[in-house]
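Here the structure comes first, spelled out in structure tokens, and everything after it is commentary.
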Amino acid sequence: MSLQLWIWLMIGITFALYIGIAIWSRAGSTKDFYVAGSGVSPIANGMATAADWMSAASFISMAGLISFMGYDGSVFLMGWTGGYVLLALLLAPYLRKFGKFTVPDFIGDRYYSDTARIVAVICALIISFTYVAGQMRGVGLVFSRYLEVDINTGVIIGMAIVLFYAVLGGMKGITYTQVAQYCVLIFAFMVPAIFISIQMTGNPIPQLGFGSQGHDGMYLLDKLDGLSTELGFHEYTSGSKSMLDVFFITAALMVGTAGLPHVIVRFFTVKKVSDARKSAGWALLFIGILYTTAPAIAVFARTNLIETVSEKRYDDLPGWFDNWEKTGLLTFEDKNKDGIVQYLADPQLNELNIDRDIMVMANPEIAELPNWVIALLAAGALAAALSTAAGLLLVISSSISHDLIKKIINPNISEKGELIYARISAFFAVVMAGYFGINPPGFVAAVVALAFGLAAASFFPAIVMGIFYKRMNKEGAISGMVTGLLLMLFYMTKFKFGWFGGGSQEDWWFGVSPEGFGTFAMLVNFIVSITVCQFTSVPPKEIQELVEKIRIPTTE
Amino acid sequence: MNKKLAQKYWKENLKYLIILLSIWFTVSFGFGILLVDELNQFKIGGFKLGFWFAQQGSIYVFIILIFVYIFLMNRLDKKFNLK
């Protein structure tokens, strides 16, 4: 069967499945729409959280990124998994006990203030919009590469699907489609990884394979270290970033993960506190399968790539090279006109430019795997992008219909009216996300890093202190959130967009990159909050009682 | 639940958190970042040890930590008759 046919078949079947699930799990109430009726089982919620969390970036870009960064890529691996330990131990059980619908709900109630609620809504909206634009772009990319349709058509098809199940099913529909999407994406990610691991090392478990010997009896990592240094790159297993920066970026990603609203709300969907803990464990287990495989793929792909192209005659290169050259993501320029590919670290002499996003997608072709594996990968990438987009859209729609309309603008709105607003805002959120997918702001990558920094600098301290520090009051929390947020925005715009006089790497404060600055801004948030709260009044008695209540997982 | 018992429960909970988070910090920030060069002198199979912690080991430990936490808290809930 031809590749095109396989791809249409795989995507057709998976999309039909998602739509079927959406019809079966329509939302009947606002509770269904926001938190799936709080009746999701911990394992299902773990899978849904994993799909929600692993975006097009995790699926398509991360392994490629690591394959070019080597050890430095560990910041993503530890950062995007370690956050779940914080979530499980410091946030999820207590927020579940609190038992409302959204993160601004918690901030607004705990800090007895609509100002706090609005600050939280703004943070949630900024974070979610930046993210969702990236996902829609991912959907468009997959469609355009594999179905040979225009990127924009791809974005519109993706929008239509998400629209259908997010607007119809709300959180309930999203949850059960995410369970299906997790299964599709993990299968799609693992199958090529296992094939390639067997091909290169004889070991079917990629996690062990990349620490094993290749067919020449040499350890794969030693070989890759040698190849890398030979071509002038840094040794693969050691990095080029400073230790302090690696530390700060890892911390910012961990804390940012724990502060992302679309991840946090997933823990509102289970029945009880002990289920919230369990689903965090399942979620990390399901995420860990992909995250421990990604560094293996990175090593296989990098070694394979260097061995296939370096110092080879351009005319003799295999067919996949041609295919990807057509997309413009792989370019070759014969600078010294010898007809041979020189792939080197030195930009003056290097003749090959590789977009890191293609490493995962091209991998099955490089390893000469059968067509159905390539088709599976396309369906998996779409599952990853769609599931994350849907989770984010729900946060956007509930921020508007619940946190703004129900809680601030019109508290007397009926349940039915709120549900209508929820669906309308979901609809507009999808349309806006699609718009950003078709006309992506040039700074998407920069803004995604900003989203983590913002979550770390704003939400995380406010929620953690809301639970663990009874004395924390609204003045402290609001001043901390606002300071953290502004400081983060200032640093990012200064060093990413050149505002406020701009600056280069030498001007970084303490040598911390903008990606790692979230950690710094978070610390400032903590310090400001604690200082301000010492000089202002203790929170009211009923708030102190609320804090005591959420610490104990009883049901009454 | 009365106030005294609630405080006792909370103290136990905090003790677990401190122990588990210390391990969390040690395997990731400790072994994977601060001590990476020292640990890289040792090898398990083809992996340098520090590199392995940064890209594999820390994630396995994270997963185990959460399941240990689930176990400990379920036991604690039982001890305090919380359902």
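The values are calculated or read from the model by the stated rules, or taken from the named source; none is laboratory data. If you're wondering where the values come from, they're calculated on a predicted model, not measured in any experiment. Positions of Cβ are generated from backbone atoms using ideal geometry, with glycine treated the same way; all protein chains shown enter the neighbour counts. In case anyone asks, the SASA skips ligands and DNA or RNA and just uses the protein heavy atoms, side chains included. Shrake-Rupley method; radii C 1.70, N 1.55, O 1.52, S 1.80 Å.
Some observations on this one:
- Pairs where the first residue, in the stretch A:109-136, is more than 16 Å from A:ALA389 (Cβ to Cβ) and hydrophobic (A, V, I, L, M, F, W, C) and the second is part of a helix (DSSP H, G or I) and open to solvent by 20 Å² or more (accessible area, probe 1.4 Å), C-beta under 8 Å, 6+ apart: A:ALA116/A:LYS474; A:ALA116/A:ILE478; A:ILE118/A:ILE408; A:VAL119/A:ILE478; A:VAL119/A:VAL482; A:VAL119/A:LEU485; A:VAL121/A:LEU404; A:CYS123/A:LEU485
- Answer residue from the stretch A:445-497, given it is hydroxyl-bearing (Ser, Thr, Tyr) and part of a helix (DSSP H, G or I) and is surrounded by the most Cβ atoms within 10 Å (Cβ to Cβ) among those: A:TYR491
- Condition met for A:GLU515 (among the acidic types (Asp, Glu) and away from chain B (no Cβ under 14 Å)): yes
- Candidate set: the stretch A:95-130, residues that are of a type in the set (Phe, Trp, Tyr) and in contact with a Pro (Cβ under 9 Å, 6 or more places away or on another chain); chosen: the one nearest to A:LEU284 (Cα to Cα): A:TYR111
- Total residues in the stretch A:1-15, condition open to solvent by 30 Å² or more (accessible area, probe 1.4 Å) and either farther than 22 Å from A:ARG145 by Cβ or hydroxyl-bearing (Ser, Thr, Tyr) (or both): 1
- Residue that is surrounded by the most Cβ atoms within 10 Å (Cβ to Cβ), among those in the stretch A:200-234 that are within 8 Å of another protein chain (Cβ to nearest Cβ) and either over 28 Å from the mean Cα position of the chain (by Cα) or touching a residue at least 40 places away in the same chain (Cβ under 8 Å) (or both): A:PHE210
- A:ASP245 fulfils the conditions (1) more than 12 Å from chain B (Cβ to nearest Cβ); (2) modelled with pLDDT of 90 or more; (3) open to solvent by less than 60 Å² (accessible area, probe 1.4 Å); (4) over 30 Å from A:ALA44 (Cα atoms) except for a single criterion, (1).
- Residues satisfying the criterion are present in the stretch A:37-46 (criterion: buried (at least 24 other Cβ atoms within 10 Å of the Cβ) and among the small types (Gly, Ala, Ser)).
- Filter pass, A:ILE306 being open to solvent by less than 10 Å² (accessible area, probe 1.4 Å) and modelled with pLDDT under 85: no
- Within chain B, helices (runs of 4 or more DSSP H) holding 3 or more residues that are without any contact (Cβ under 8 Å) to a residue 40 or more places away in the chain and more than 9 Å from chain A (Cβ to nearest Cβ): B:3-25, B:58-79
- Inspection of the stretch B:29-36 identifies at least one residue that is open to solvent by less than 30 Å² (accessible area, probe 1.4 Å) and under 29 Å from A:TYR469 (Cα atoms).
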